[in-house]
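Readers should treat all values here as calculations from the given coordinates under stated rules, not as data from a laboratory. Since the model is a prediction, treat every value here as computed from it, not as a measurement. Reconstructed Cβ throughout: ideal geometry from the backbone, glycine too, with neighbour counts over all protein chains shown.
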Amino acid sequence: MRLAVLADIHGNVLALDAVLEDMARRGGADLTVNLGDSVSGPLWPRETMERLEALNLPTVRGNHDRRVAVDPADETMWASDIYARQRLTPAQRDTLFAQPLILEIAPGVIAFHARPDHDEKYLLDAIVDRQLVRAPLAAIRRRLKALDPACRIALCGHSHRPELIRIPDGPVIFNPGSIGCPAYDDDTPPAHVSEQGSPHARYGIVTLGGAGQPDSFEMIAVEYDHEAAARQAEQAGRPEWAHGLRTGFMPEAARP
């Protein structure tokens with residue numbers, strides 16, 4: 001079985017379309033799963049939502065999906081979530097909120113956005129010198145306590161950092177990286193940045209072995225018209241998003 005794994009589209013329909021085209025060139029997948037945070041961002045939230053509604057993919061709810069769906073549109077709401085909320089219909093917001101926090105995609109293959117028991121806490125990452133880095137193995141083990149012991153592959157997103165980790169005597173954890181947002185800053189204490197280091201749209205392919213064959217994992221980076229996405233972010237008044245879309249890094253002012 002061949003799984004395509006999408007995560008953290010963040011309203012970047014140009015990047016999503018490039019990934020879908022790349023998947024088709026590679027022969028497609030038996031199943032495509034979306035790990036959430038689909039629309040939040042100063043880009044094309046409604047167009048992205050419409051594309052995803054047509055695809056009808058198995059999808060888990062991310063923290064920004066929840067915030068777009070239910071948070072009040074006031075000064076306490078993050079700007080990217082306000083932008084998306086204002087451009088979605090009530091029915092589309094209801095669809096976001098109705099998405100499950102966790103899904104079993106195939107026997108022993110579990111999908112969630114951030115952690116199996118929380119949509120907004122990092123699983124594989126720690127904050128060091130205001131940057132996301134890989135967390136110690138002991139910390140990752142503690143964060144996995146809520147995971148079904150029968151899980152052999154866990155699919156997650158949220159950090160936007162591609163990662164593949166095999167937990168000794170535990171599951172393989174696969175984060176494909178972000179399709180539509182290659183860098184971000186988060187001022188929630190402790191403030192930090194996440195940077196993929198290039199403007200590519202990222203996604204993953206997991207091939208489940210079966211019949212004694214090993215599983216395989218591919219991290220894929222796809223070129224697309226990131227300059228058009230950056231211009232869209234600038235028009236929405238988000239120059240820091242534009243910089244991230246162009247470079248895969250945050251502006252110097254946001255970095256340690």
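What shape does region 1-90 have by the C-alpha gyration tensor, where a ≥ b ≥ c are the square roots of the eigenvalues, rounded means a/c under 1.5, and otherwise prolate means a/b greater than b/c and oblate the rest?
prolate
How big is D, in µm² s⁻¹, for region 181-256 by Stokes-Einstein at 4 °C and 1.567 mPa s if Rh is the Kirkwood radius over C-alpha pairs?
92 µm²/s
Hey, how many Å between the Cα centroid of region 123-158 and the Cα centroid of region 1-43?
22 Å
How large is the convex hull of the Cα atoms of the chain per residue, expressed in Å³ as a whole number?
Taking only Cα atoms, the chain has a hull volume of 118 Å³ per residue.
Could you order the peptides 34-43, 130-139 from most to least packed, using the average number of other C-beta atoms within 10 Å per residue?
Result, highest mean Cβ count within 10 Å first: 34-43, 130-139.
So how far apart, in nm, are the two label points at Asp225 and Gln131 if each is 7 Å from Cα heading toward Cβ?
3.3 nm
Arg152: net charge of surrounding residues, Cβ under 11 Å, Lys/Arg +1, Asp/Glu -1, itself excluded? Let's see the in-between values first.
Working: positive: Arg166; negative: Asp148, Asp215.
Surrounding charge for Arg152 is -1.
What FRET efficiency, computed as 1/(1 + (r/R0)^6) with R0 = 30 Å and r the Cβ-Cβ distance, is obtained for Asp186 and Ala146, rounded to the nearest 0.05?
So the FRET efficiency works out to roughly 0.85.
Check each of the GluC sites (Glu not before Pro) in region 93-166 and keep only those in coil by DSSP with at most 14 other C-beta atoms within 10 angstrom; list them in order.
Values: sites: Glu104, Glu120, Glu163; in loops: Glu120.
Qualifying residues, ordered by number: Glu120.
Could you list which residues have their amide H under 5 Å from that of Gln131, counting only those 5 or more apart in sequence or on another chain, with H placed in the peptide plane?
Result for Gln131 returns Val193.
Could you tell me what percent of the DSSP beta bridges with both partners in the chain are antiparallel, to the nearest 5?
70 percent
With unit charges on the beta carbon (Lys/Arg positive, Asp/Glu negative), name the residue among Ala84, Gln235, Cys151 whose Cα is farthest towards the positive pole of the charge dipole of the chain.
The residue sitting farthest along the positive end of the dipole is Cys151.
Kirkwood Rh over Cα pairs of region 107-233 into Stokes-Einstein at 25 °C, 0.890 mPa s: D in µm²/s? Provide the component values of the computation, followed by the final result.
Working: Rh = 15.7 Å.
So the translational diffusion coefficient is about 157 µm²/s.
Considering only His118, His64, His160, give the residue with the highest GNM mean-square fluctuation for the chain, with springs between Cα atoms whenever their separation is below 10 Å.
Most flexible of the set in this elastic network: His118.
Residues of region 1-37 with the amide nitrogen closer than 11 Å to a label point 7 Å from the Cα of Thr207, along Cα-to-Cβ, please.
1-3
Positive end of the charge dipole of the chain (Lys, Arg +1 and Asp, Glu -1 on Cβ, about the Cα centre): tell me which of His10, Val68, Gly170 has its Cα farthest that way.
So the residue we want is Gly170.
Output the direction-averaged projected area (hull surface divided by four) of the convex hull of the alpha-carbon atoms of region 28-80, in nm². Provide the component values of the computation, followed by the final result.
On the way: hull surface 16.6 nm².
Directional mean of the projected Cα hull area for region 28-80 stands at 4.1 nm².
Name the shape class, rounded, prolate or oblate, that the alpha-carbon gyration tensor gives for region 1-151, where a ≥ b ≥ c are the square roots of its eigenvalues, rounded holds for a/c under 1.5, and otherwise prolate holds if a/b is larger than b/c and oblate otherwise.
Oblate, since a/c reaches 1.5 and b/c is not below a/b.
When the convex hull of the C-alpha atoms of region 131-206 is computed, what volume per residue in Å³ does it have?
Value for region 131-206: 105 Å³ per residue.
Give the residue list of chymotrypsin sites (Phe, Trp or Tyr not before Pro) in region 94-175 that are DSSP loop and have at most 11 other beta-carbon atoms within 10 angstrom.
In loop regions of region 94-175 (DSSP not H, G, I, E or B), there are no sparsely surrounded chymotrypsin sites (Phe, Trp or Tyr not before Pro).
What net charge do the residues around Gly36 carry, taking every other residue with its C-beta under 10 Å from that of Gly36, with Lys and Arg at +1 and Asp and Glu at -1?
That works out to -2.
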